[in-house]
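Working notes, structure below.
The values are calculated or read from the model by the stated rules, or taken from the named source; none is laboratory data. Remember, predicted model here, so these are calculated numbers, not experimental data. Ideal geometry is used to build each Cβ from the backbone, glycine not excepted, and the neighbour counts take in all protein chains shown.
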Amino acid sequence: MGESAPAPLSIPTRKQVIAQHKLRGGRVAAVLPVHYPRALFAAFDILPVEVWGPPGRDTAEGDAHLPAYACSIVRSALAFLAAGGLDAADYLVVPHTCDALQGLGSVLLDFVRPAQAVLPLYLPRDGGEKGRAFLAAEIRALFERLVELTGRRPGEAELRAAIARDEQADALLARVSRGRAGLALGDRELYALLRSREFLPPEQFCELAAQALERRGRGERAGTGVVISGMVVEPLAILDVLARGGAVVVADDLGCCGRRLYPLGHSDDPFTRLAERLVAGSPDPTRGGSVRERAALLRALCADFGARAVIFTVVKFCEPELFFVPLLSRALEGRGLRCLTIETDVSQPLPAQVTTRIEALLESLT
Ligand code: SF4
């Protein structure tokens, strides 16, 4: 008798993880995209839970406070907040990732004034020494704000321990993401695992990632290789269209995944270490990365993982991506790679014409 297929990974939901954390007295921070020092919150026993929408929501309650050109992630997040979806959160963290999130931060602080404390985080657009120093100072200021809010002051040892746990989880995240070719996971399950890093405590993520790494694949990842780029792969039906067309995502440069495979830190100073890791991630338009760097990275991903096409999933009105994609496509097509740009709205199902365009791309690759 042949070996039976491994049982699917048992990934808890955000709601379950939040309930468990609250039950044992912890607090929760709802965090908007993209970059933030996860370990800083863990040192205060605050569980960071990321808010990428959530997808598939009616955004009307958020729309009333935002310009019509705000992206659907920001509109959905505000609608979710207004509908009580973030009531379990004690804090709202709003990194200044882009104009849309900067606008959301102002709307929350000046107009909506939610029950939760709103914590903005300014990010440098420079990955060098100046950017590191700026971000370390920002993280230190956030630390002091959390001391004020929680009445606790974690010592250096607690900060270091939280950073060590986070670095271990990030190392496993990178192993799963880069070693996906050999794993017994289809794209839906793979991305459910990768994205569980958005809300699982690091120890729980490490357990799941270790389970996934033990299961060697038996053809789950066979197919035409494509690389995906953009902020987030939503709606998830995109992955189903790829699977139906015989394609697999061999690598990604997504804001929610591939751009956050942060390397280990080096500094002994916890704040500098948290900052140096964030600025050392792969080139990201929201952190001032250049077209040249991103084109080189995408070419390398295609070459290393055997892809002939890049699919850019651009959230409608996402300025950081829209400035880059035409130039990136031209640079990649000039090197013989196929590129497809699809516009998505996380609050809407995948439009039929987008499905058709993905199918047409896949047919042309076979
Ligand atoms: S999708 Fe783009 S515009 Fe929207 S929050 Fe993310 S970076 Fe900002």
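If ALA39 satisfies every condition in (1) more than 14 Å from the ligand (Cβ to nearest atom); (2) in contact with a Pro (Cβ under 7 Å, 6 or more places away or on another chain) but one, which is the exception?
(2)
Kindly establish whether TYR69 is among the aromatic types (Phe, Trp, Tyr), in contact with a strand residue (DSSP E or B) (Cβ under 6 Å, 6 or more places away or on another chain) and within 16 Å of the ligand (Cβ to nearest atom). Before you say what the answer is, go through the steps one by one.
On the way: among the aromatic types (Phe, Trp, Tyr): yes; in contact with a strand residue (DSSP E or B) (Cβ under 6 Å, 6 or more places away or on another chain): no; within 16 Å of the ligand (Cβ to nearest atom): yes.
Taking the combined requirement at face value, the residue does not satisfy it.
Within the stretch 244-301, track down each residue that is small (Gly, Ala, Ser), under 22 Å from TRP52 (Cβ atoms) and part of a helix (DSSP H, G or I). Steps first, answer last, please.
Restricting attention to the stretch 244-301, the residues satisfying the condition of being small (Gly, Ala, Ser) are 245-247, 251, 255, 258, 265, 267, 275, 280-282, 288-290, 295-296, 300.
From what's left, under 22 Å from TRP52 (Cβ atoms): 251, 255, 258, 281-282, 288-289.
Within the stretch 244-301, just GLY258 meets the criteria.
State all residues of the stretch 171-211 that are closer than 17 Å to GLY281 by Cβ and surrounded by fewer than 18 Cβ atoms within 10 Å (Cβ to Cβ); if no residue qualifies, say none.
ALA171, ALA174, ARG175, ARG178
State whether the residues of the stretch 255-274 include one that is among the hydroxyl-bearing types (Ser, Thr, Tyr), out of contact with any Cys (no Cβ under 7 Å at 6 or more places or on another chain) and without any contact (Cβ under 8 Å) to a residue 60 or more places away in the chain.
Looking only at the stretch 255-274, we keep the residues that are among the hydroxyl-bearing types (Ser, Thr, Tyr), and these are 262, 267, 272.
Checking which are out of contact with any Cys (no Cβ under 7 Å at 6 or more places or on another chain) leaves us with 262, 267, 272.
Of the ones still in play, those that are also without any contact (Cβ under 8 Å) to a residue 60 or more places away in the chain are 267.
Scanning the stretch 255-274, I find at least one residue that is among the hydroxyl-bearing types (Ser, Thr, Tyr), out of contact with any Cys (no Cβ under 7 Å at 6 or more places or on another chain) and without any contact (Cβ under 8 Å) to a residue 60 or more places away in the chain, so the answer is yes.
Hey, can you tell me all the residues within the stretch 76-98 that are within 13 Å of the ligand (Cβ to nearest atom) and either part of a loop (DSSP other than H, G, I, E, B) or at pLDDT below 95 (or both)? Give the steps one after another, and end with the answer.
Step one: of the stretch 76-98, the residues within 13 Å of the ligand (Cβ to nearest atom) are 76-78, 94-98.
If the condition is that a residue be within 13 Å of the ligand (Cβ to nearest atom) and either part of a loop (DSSP other than H, G, I, E, B) or at pLDDT below 95 (or both), then HIS96, THR97, CYS98 are the ones that fit.
Filter the stretch 23-56 down to residues that are touching a Ser or Thr at 6+ places or on another chain (Cβ under 9 Å) and closer than 20 Å to CYS257 by Cβ, then give me how many there are.
Of the stretch 23-56, the ones touching a Ser or Thr at 6+ places or on another chain (Cβ under 9 Å) are 27, 32-35, 44-46, 51-56.
So of that shortlist, the ones also closer than 20 Å to CYS257 by Cβ come out as 32-35, 51-56.
Residues meeting the conditions: 10.
Taking the options LEU101, LEU119, name whichever one is within 14 Å of the ligand (Cβ to nearest atom), under 29 Å from ALA280 (Cα atoms) and either in contact (Cβ under 8 Å) with a residue 40 or more places away in the chain or in a loop (DSSP other than H, G, I, E, B) (or both). Step through it out loud before you land on a result.
Details: LEU119 fails: within 14 Å of the ligand (Cβ to nearest atom).
Within the list LEU101, LEU119, the selection yields LEU101.
Basic (Lys, Arg), touching a strand residue (DSSP E or B) at 6+ places or on another chain (Cβ under 6 Å) and in contact (Cβ under 8 Å) with a residue 40 or more places away in the chain - does that describe any residue in the stretch 315-328?
From the stretch 315-328, those basic (Lys, Arg) are 316; that's our starting set.
This time we only want the ones that are touching a strand residue (DSSP E or B) at 6+ places or on another chain (Cβ under 6 Å), so: 316.
Remaining after also requiring in contact (Cβ under 8 Å) with a residue 40 or more places away in the chain: 316.
Yes, some residue in the stretch 315-328 is basic (Lys, Arg), touching a strand residue (DSSP E or B) at 6+ places or on another chain (Cβ under 6 Å) and in contact (Cβ under 8 Å) with a residue 40 or more places away in the chain.
How many residues does the stretch 41-54 hold that are more than 14 Å from GLY26 (Cα to Cα) and either hydrophobic (A, V, I, L, M, F, W, C) or in contact with a Leu (Cβ under 8 Å, 6 or more places away or on another chain) (or both)?
Residues of the stretch 41-54 that are more than 14 Å from GLY26 (Cα to Cα), as a first pass: 50-54.
Pick out the ones that are also either hydrophobic (A, V, I, L, M, F, W, C) or in contact with a Leu (Cβ under 8 Å, 6 or more places away or on another chain) (or both) and you get 50-52.
Looking only at that region, the number is 3.
If I filter the stretch 301-320 down to residues being out of contact with any Gly (no Cβ under 6 Å at 6 or more places or on another chain) and over 24 Å from THR366 (Cβ atoms), which single residue comes out as farthest from the ligand (Cβ to nearest atom)?
LYS316
Identify, from the list VAL34, VAL28, the residue that is within 16 Å of the chain's Cα centre (by Cα), crowded, with 21+ Cβ neighbours inside 10 Å and under 30 Å from ASP269 (Cα atoms). If you could, list the steps in order and put the result at the bottom.
Numbers: VAL28 fails: within 16 Å of the chain's Cα centre (by Cα).
After ruling out the rest, the residue left standing is VAL34.
Being over 30 Å from SER290 (Cβ atoms), among the hydrophobic types (A, V, I, L, M, F, W, C), modelled with pLDDT of 95 or more and out of contact with any helix residue (DSSP H, G or I) (no Cβ under 9 Å at 6 or more places or on another chain) is the requirement here; does ALA157 meet it?
Details: over 30 Å from SER290 (Cβ atoms): yes; among the hydrophobic types (A, V, I, L, M, F, W, C): yes; modelled with pLDDT of 95 or more: yes; out of contact with any helix residue (DSSP H, G or I) (no Cβ under 9 Å at 6 or more places or on another chain): yes.
Against the criterion (over 30 Å from SER290 (Cβ atoms), among the hydrophobic types (A, V, I, L, M, F, W, C), modelled with pLDDT of 95 or more and out of contact with any helix residue (DSSP H, G or I) (no Cβ under 9 Å at 6 or more places or on another chain)), ALA157 qualifies.
I'm checking my understanding of the structure. Among residues of the stretch 321-330 that are surrounded by 19 or more Cβ atoms within 10 Å (Cβ to Cβ) and more than 18 Å from LEU361 (Cβ to Cβ), which one is nearest to the ligand (Cβ to nearest atom)?
Top of the filtered list is GLU321.
Is one or more of the residues making up the stretch 282-298 surrounded by fewer than 23 Cβ atoms within 10 Å (Cβ to Cβ), within 14 Å of TYR36 (Cα to Cα) and more than 16 Å from the ligand (Cβ to nearest atom)?
No, the stretch 282-298 has no match at all.
Those residues that are away from the ligand (no atom under 14 Å from the Cβ), crowded, with 17+ Cβ neighbours inside 10 Å and in a loop (DSSP other than H, G, I, E, B), I need them from the stretch 46-66; list them, please.
Matches in the stretch 46-66: ARG57, HIS65.
Quick check: anything in the stretch 143-150 touching a residue at least 60 places away in the same chain (Cβ under 8 Å), under 15 Å from ARG38 (Cβ atoms) and not small (Gly, Ala, Ser)?
yes
Of the residues in the stretch 18-33, how many are touching a helix residue (DSSP H, G or I) at 6+ places or on another chain (Cβ under 6 Å) and either free of Cβ contacts under 8 Å to residues at least 40 places away in the same chain or within 16 Å of the ligand (Cβ to nearest atom) (or both)?
The qualifying residues number 1.
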